[in-house]
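Chemist: I have a structure here, written as structure tokens, and I will follow up with some questions on it.
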């Protein structure tokens, strides 16, 4: 005998109004998850773009300027200014390659790594608190969604 119970309705794609709501939620979450970074931004010490680059240098290791331009989706001259500001703050160092002095490699300094580590630790603590509000299945779904989005975002830049 066929099952006559009502079947759950398939989820529909979000409407623009709901996507706008999501954008607002992301902005609030960003502000709540990264108060240390927001404090640094507010004091004018680092921009979000500078922190993004610094985080990549800490996790991926030293990079040449062309790779930085590709990662940041900027021109190399625009990223030169970004790197110069981070260098002035003591967060990165630049070195010239021995076989081609025109090529510059950028590395995070211990001071830059400490900044990234402290803000990342704060983000982890805030996320752990948030995860307590969710069921394990919801936690896993959130991780899976972010992994998918991140893989798509970075695949465009490789």
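Chemist: Please work out if residue 122 is modelled with pLDDT of 85 or more, within 18 Å of the chain's Cα centre (by Cα) and part of a helix (DSSP H, G or I).
Modeler: When the stated conditions are applied, residue 122 passes them.
Chemist: Taking segment 60-71, which residues are touching a residue at least 12 places away in the same chain (Cβ under 8 Å) and loosely packed, with under 14 Cβ neighbours inside 10 Å?
Modeler: 61
Chemist: Could you please let me know if residue 114 is surrounded by fewer than 15 Cβ atoms within 10 Å (Cβ to Cβ), at pLDDT below 95 and over 15 Å from the mean Cα position of the chain (by Cα)?
Modeler: For residue 114, the condition - surrounded by fewer than 15 Cβ atoms within 10 Å (Cβ to Cβ), at pLDDT below 95 and over 15 Å from the mean Cα position of the chain (by Cα) - is met.
Chemist: Let me ask something else about it. If you go through segment 147-154 one residue at a time, do you hit one that is out of contact with any helix residue (DSSP H, G or I) (no Cβ under 6 Å at 6 or more places or on another chain), outside any helix (DSSP H, G or I), under 22 Å from residue 48 (Cβ atoms) and free of Cβ contacts under 8 Å to residues at least 24 places away in the same chain?
Modeler: No; the residues of segment 147-154 include none that is out of contact with any helix residue (DSSP H, G or I) (no Cβ under 6 Å at 6 or more places or on another chain), outside any helix (DSSP H, G or I), under 22 Å from residue 48 (Cβ atoms) and free of Cβ contacts under 8 Å to residues at least 24 places away in the same chain.
Chemist: Being part of a strand (DSSP E or B) and more than 22 Å from residue 122 (Cα to Cα) narrows it down to one residue among 93, 66, 10; which is it?
Modeler: When all the criteria are applied, what remains is 93.
Chemist: Only one of these is closer than 20 Å to residue 118 by Cα, touching a residue at least 24 places away in the same chain (Cβ under 8 Å) and surrounded by 14 or more Cβ atoms within 10 Å (Cβ to Cβ): 83, 104, 46. Name it.
Modeler: Just a single option satisfies the conditions, and that option is 46.
Chemist: From the list 74, 91, which residue is surrounded by 14 or more Cβ atoms within 10 Å (Cβ to Cβ) and within 19 Å of residue 153 (Cβ to Cβ)?
Modeler: 74
Chemist: Please specify each residue of segment 24-63 satisfying the condition of being modelled with pLDDT under 90 and in a loop (DSSP other than H, G, I, E, B).
Modeler: If the condition is that a residue be modelled with pLDDT under 90 and in a loop (DSSP other than H, G, I, E, B), then 34, 43, 44, 45, 46, 47 are the ones that fit.
The values are calculated or read from the model by the stated rules, or taken from the named source; none is laboratory data. The shown structure was predicted, so the numbers you read here are calculated from the model rather than taken from an experiment. Here Cβ is always computed from backbone atoms with ideal geometry, including for glycine, and neighbour counts include all displayed protein chains.
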